[in-house]
Amino acid sequence: VQLQASGGGLVQAGGSLKLSCAVSGHTFSSYAMGWFRQAPGKEREFVAAITWSGSSEEYVDSVKGRFTISRDNAKNTRYLQMNSLKPEDTAVYHCAVRRVSEVITTVPNLWNYWGQGTLVTVSS
């Protein structure tokens, strides 16, 4: 299973970025997808996740109202729209897939496959 994350970059505080994560090489028909981030010297942190059906989404409190996760099942791609970015959002953002497709967990070890990450840098 390959997860290709893209869309990171350098943006000023208050700006926006949209991350994408394309999933390929999988044999299972459905999955949940999550976004995690890891800043230098910090542990990996849950950011957002969405179930295969889209019936459930979850966000960490610090991004609620600013980030939106969405899905395109036909393209096997998930997105993370990030608005009103803050310097504290600076991190490497990783997408992850969980084969339990309709249950979200914030625990990194419970996600089955991971992408390589894309760097988001927010300047003040």
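The values are calculated or read from the model by the stated rules, or taken from the named source; none is laboratory data. Source: prediction; values computed, not measured. So basically every Cβ, Gly included, is an ideal-geometry build from the backbone, and we count neighbours across all protein chains shown. Just so you know, the surface numbers come from the protein's heavy atoms only, side chains and all, with ligands and any DNA or RNA stripped out. Shrake-Rupley method; radii C 1.70, N 1.55, O 1.52, S 1.80 Å.
Looking at residue 77, is it out of contact with any helix residue (DSSP H, G or I) (no Cβ under 8 Å at 6 or more places or on another chain), β-branched (Val, Ile, Thr) and farther than 18 Å from residue 37 by Cβ? Judged against the criteria, residue 77 is a match.
On the stretch given as the stretch 56-79, residues that are in contact (Cβ under 8 Å) with a residue 12 or more places away in the chain, open to solvent by less than 70 Å² (accessible area, probe 1.4 Å), of a type in the set (D, E, K, R) and assigned to a strand (DSSP E or B) total 1. Might you check whether a residue that is touching a His at 6+ places or on another chain (Cβ under 9 Å), open to solvent by 60 Å² or more (accessible area, probe 1.4 Å), hydroxyl-bearing (Ser, Thr, Tyr) and at pLDDT 95 or above occurs anywhere in the stretch 115-122? So far as the stretch 115-122 goes, no, none of its residues is touching a His at 6+ places or on another chain (Cβ under 9 Å), open to solvent by 60 Å² or more (accessible area, probe 1.4 Å), hydroxyl-bearing (Ser, Thr, Tyr) and at pLDDT 95 or above. Against the criterion of being open to solvent by 40 Å² or more (accessible area, probe 1.4 Å), more than 20 Å from residue 105 (Cα to Cα) and not small (Gly, Ala, Ser), residue 2 qualifies.
Just wondering, is there one or more residues in the stretch 10-26 that are surrounded by fewer than 13 Cβ atoms within 10 Å (Cβ to Cβ) and modelled with pLDDT under 95?
yes
Restricting to the stretch 97-124, what's the tally of residues that are over 12 Å from residue 46 (Cβ atoms), outside any loop (DSSP other than H, G, I, E, B) and out of contact with any Phe, Trp or Tyr (no Cβ under 9 Å at 6 or more places or on another chain)? Total meeting the criteria: 3. Going through (1) closer than 18 Å to residue 77 by Cβ; (2) open to solvent by 30 Å² or more (accessible area, probe 1.4 Å); (3) over 12 Å from the mean Cα position of the chain (by Cα) one by one, residue 43 falls short only on (1). Of the residues making up the stretch 80-100, those that are surrounded by 21 or more Cβ atoms within 10 Å (Cβ to Cβ) and either at pLDDT below 95 or among the hydrophobic types (A, V, I, L, M, F, W, C) (or both) number 7.
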